[in-house]
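A quick write-up on the structure given underneath.
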Amino acid sequence: MALIEAAGIHVRFGDRVVLESIDLAVPEGEFHGLMGPNGAGKTTFFNVLTGRVKPGRGSIRLGGKDVTGFSPHRIAAHGVARSFQIMTLFDEFSARENVTVGLPAFRARGFDMRHAAANDSGFAESAMAVLATVGLADKAAVRARDLPYGDRRALEIAVALAQSPRVLCLDEPTSGLGSDGVQRLAALVGRLKGKLTIVAIEHDMEFLFALADRISVIHWGQVVARGTPHELQQNEWVRRSNLGRFA
Amino acid sequence: MTSTSPSLSSDATRLVTPAMLVLWLVLATVPLWISRVGLYPYLGIEILIWSLYALAFNLVLGTAGLPSFGHGAYFGIGAYAFGLCQFNVAANLWVCLVAAFAVAGLAGALVALFISHRRGIYYAFMTIAFGQIFWTLAIKSHGITGGEDGLLKIARLPADFGVVTFDLADNVAFYYFVLVVFALAVVAMWRLTHSPYGRVVAAIKQSETRAAHLGYHVWLYKASIFTLSAAISGLAGGLFAMAQLAAFPDVMSLHQSGYVVMMTLVGGGLVSFWGPVVGVFVFLIARDVIGALTNAWMLYFGLLFIAIVLFRPEGIAGAVTAAFQKHSLIRRQGNSAMRLLFGAERWR
Ligand SMILES: Nc1ncnc2c1ncn2[C@@H]1O[C@H](COP(=O)(O)OP(=O)(O)OP(=O)(O)O)[C@@H](O)[C@H]1O
Ligand SMILES: [Mg+2]
């Protein structure tokens, strides 16, 4: 059984149909890439997966449970974490505090008004461990807004990782990164691969073809091609659009 | 330059900070000298009550980043609740203060139900609309509130601790009573701000989207902080009813709701826990000092407000902190002194 199962997802904004009918089943532990041209509806699909947008038709199941129409915080509580294409950090918080807020243990104490948050060394340790995985341990005390771009991108992922998610949705994680940053990110994703289920929207074909188990191409609100990187290179649509040239 | 997060400072983990002790000590001496500088003990009472109110208001404006422009409603409801409880339920100080807190909290919770899915300008409009509704109700319900004449003959009930009872009729005795309530409320609000709950609310202020996708029920946090803020504002209102020996609808008007916004912004509530208190001092002392010279004191305060919003949006507390930081020689001392005094979270 697939961990994530999206069936017939249809989304329209006003009279503009953005997603016609998207099917996607991702088994546990798979790294699934999503690609497609600008405006194809990839981010919108993530918004449906994570509860931000309610689909007009179709259903989302997580581990067999129907979660269609759940609000974002309930989907998150079911173990789905996401990063954002447009960086969405707690800018005034330190890197460590950004991650701390993401910890499930912190969330469980979200209505605790009686203890000082900074008094809890357990939070600090867990947060530092997460920061270390993305290489930000030495910048834990720096405010998010004062971090350089590449570090902010890393923090964007760290906050999602802090949730110890079952499913990690990454929306264009390499965007704006230099080749150094892309390599660091590829190494990170390589380490995560297999440990959790990852769905990643990505324009960087080299990155995606090297790492993904399977890739779906979204166009005209539908999945127009799907397969392993190898299979996709043979796919006629992909060849014609010259998407597979990097592999 | 990089800066560290406020929560890393040790004050965040303290229940009572050095700044609080200094402030309380200074405030405790006020009745000893206030008459000698040409002011009067009642002003001290007003400052404490408005400080409590402004700190409560700032839980919503500063901590949660939610623009509430009708907060006078909850202050006023607290005042009426105190008086009505005294007349109709029990003439007991504790019961009536709890009533002020609870009834204002209930009103706040009711409003929170309708506004907590909004933010920004829509949120602000809704708070104004509800504030106006409560204000109108207070004026029109003549039989209950006394309408424009106010609810009169409210007594300063004695503070009964079982073994000892303090009579609060005298302004100095009442001042010390208010100071104790203020001190306790400050401890509670300081801790609240630095608790996991307070940090989540601060996170929601920065990004509702991210917080929601991290599993936080954003609506519930927004509704609860608003309710708490309304309840504490109501407690301040109850004390105000005792101070004035009456409750009037004017504190609930949009006009007077604006005062607490001005106080908080002028003082620097957006960057500092203590900002609202600074603002209340400046506002009320300006009212009395400039007000003695000219009837148009509000004009001058308004100009000060505009100047601060334009040039020093972080308010007085923020400006003082920044000024200290400019001089590198005294910077380190200045930093800790300012953190001590204002707990300034350098948010800009
Ligand atoms: N909330 C919304 N309201 C109206 N239109 C929207 C909304 N969200 C997205 N759209 C539109 O839906 C289309 C798909 O947007 P989406 O962001 O999902 O594309 P994308 O595949 O992620 O593109 P990109 O590669 O540029 O990130 C766009 O035309 C966008 O303008
Ligand atoms: Mg997108």
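The values are calculated or read from the model by the stated rules, or taken from the named source; none is laboratory data. Small disclaimer: the values here were computed from a predicted structure and weren't measured. Here Cβ is always computed from backbone atoms with ideal geometry, including for glycine, and neighbour counts include all displayed protein chains. Ligands, DNA and RNA are excluded from the accessible area calculation, which covers all protein heavy atoms including side chains. Shrake-Rupley method; radii C 1.70, N 1.55, O 1.52, S 1.80 Å.
In this structure the protein assembly as shown gives 41 Å² per residue of accessible area when probed at 1.4 Å with all protein chains present.
Remark: spin-label model distance A:H10-B:V289 equals 7.0 nm, labels positioned 7 Å along the Cα→Cβ axis.
In terms of overall dimensions, the range A:95-182 has a Cα radius of gyration and Dmax of 13.5, 46 angstrom. For the residues of A:94-101, the average number of beta carbons from a partner chain within 10 Å of their own beta carbon is 5. Evaluate E = 1/(1 + (r/R0)^6) for B:L25 and B:F87, where r is the Cβ-Cβ distance and R0 equals 45 Å; express this FRET efficiency to the nearest 0.05. With a Förster radius of 45 Å, E is 0.75. As an exercise, use a Förster radius of 30 Å and the Cβ-Cβ distance of A:E28 and A:F111 to find the FRET efficiency, rounded to the nearest 0.05. Computed FRET efficiency for A:E28 and A:F111 comes out at 0.40.
Charged side chains reduced to their Cβ positions (Lys and Arg at +1, Asp and Glu at -1) give the protein assembly as shown a dipole of some 600 debye around its Cα centre. From largest to smallest, the equivalent ellipsoid semi-axes obtained for the range B:6-253 from the alpha-carbon gyration tensor read 30, 25, 15 Å.
Ellipticity at 222 nm from helices only: DSSP H runs of n ≥ 4 in the protein assembly as shown, each -39500 (n - 2.57), divided by the residue count, give -17500 deg cm²/dmol. The Stokes-Einstein estimate for the range A:20-119, based on a Kirkwood radius over Cα pairs and taken at 10 °C with 1.306 mPa s viscosity, is a diffusion coefficient of 99 µm²/s.
Spacing of the modelled spin labels on A:A132 and B:Y42, each 7 Å from Cα toward Cβ, amounts to 6.4 nm. Of all the options B:Q206, B:Q244, B:Q132, the one that moves most in a Gaussian network model of chain B with Cα springs shorter than 10 angstrom is B:Q206. Between B:S224, B:S253, B:S207, which gets the highest mean-square fluctuation from a Gaussian network model of chain B, Cα cutoff 10 Å? Of the options given, B:S207 has the highest mean-square fluctuation. GNM on chain B, alpha-carbon springs under 10 angstrom: the most fluctuating residue among B:L214, B:L25, B:L239 is B:L214.
Compared with the rule-of-thumb size 2.2 N^0.38 Å for a compact globular protein, the protein assembly as shown has a Cα radius of gyration ratio of 1.12. Comparing each chain alone with all protein chains together (probe 1.4 Å, DNA, RNA and ligands left out), the residues of the range B:185-206 losing at least 10 Å² of accessible area are B:R191, B:L192, B:H194, B:S195, B:P196, B:Y197, B:R199, B:V200, B:A203, B:Q206.
Residues B:H117, B:H194, B:H217 ordered from highest to lowest accessible area at a 1.4 Å probe: B:H117, B:H217, B:H194.
Looking at chain A, the pairs of alpha carbons with a distance over 27 Å make up 36% of the total. Kirkwood analysis of the range B:46-148, using all unique Cα-Cα pairs, places the hydrodynamic radius at 14.4 Å. Radius of gyration (Cα atoms) of the range B:88-212, expressed as a multiple of 2.2 N^0.38 Å: 1.38.
FRET efficiency for the pair A:R145 and A:V17, taken as 1/(1 + (r/R0)^6) with r the Cβ-Cβ distance and R0 = 25 Å, rounds to 0.10. Solvent-accessible area lost on pairing B with A (1.4 Å probe, both sides summed) amounts to about 3500 Å².
Any chance you could tell me what percent of the C-alpha pair distances in the range A:29-68 go past 12 Å?
Counting pairs separated by more than 12 Å, the tail of P(r) holds 66 percent.
For B:K222, list the lysines whose Cα falls under 24 Å from its own Cα; do not include residues on the same chain fewer than 8 positions away. Partners found: A:K54, B:K205. Within chain A, the longest run free of trypsin sites (Lys or Arg not before Pro) that sit in a DSSP loop with at most 13 other Cβ atoms within 10 Å is A:1-113.
How many percent of Cα pairs in the range B:120-173 exceed 16 Å? Percentage above 16 Å: 65.
Overall dimensions of the range A:126-247, expressed as equivalent-ellipsoid semi-axes from the Cα gyration tensor (√(5λ), whole Å, largest first), are 30, 15, 12.
Pull the list of the protein assembly as shown cysteines that no other Cys approaches to under 4.7 Å, Cβ to Cβ. That list is A:C169. For the peptide A:80-92, the mean number of other protein chain Cβ atoms found within 10 angstrom of a residue's Cβ is 4. Taking all protein chains together and rolling a 1.4 Å probe, B:V95 ends up with roughly 60 Å² accessible. With the convex hull of its Cα atoms as the shape, the range A:195-237 has an orientation-averaged projected area of 3.4 nm². The ratio of the alpha-carbon radius of gyration of the range A:1-77 to the globular-protein estimate 2.2 N^0.38 Å is 1.05.
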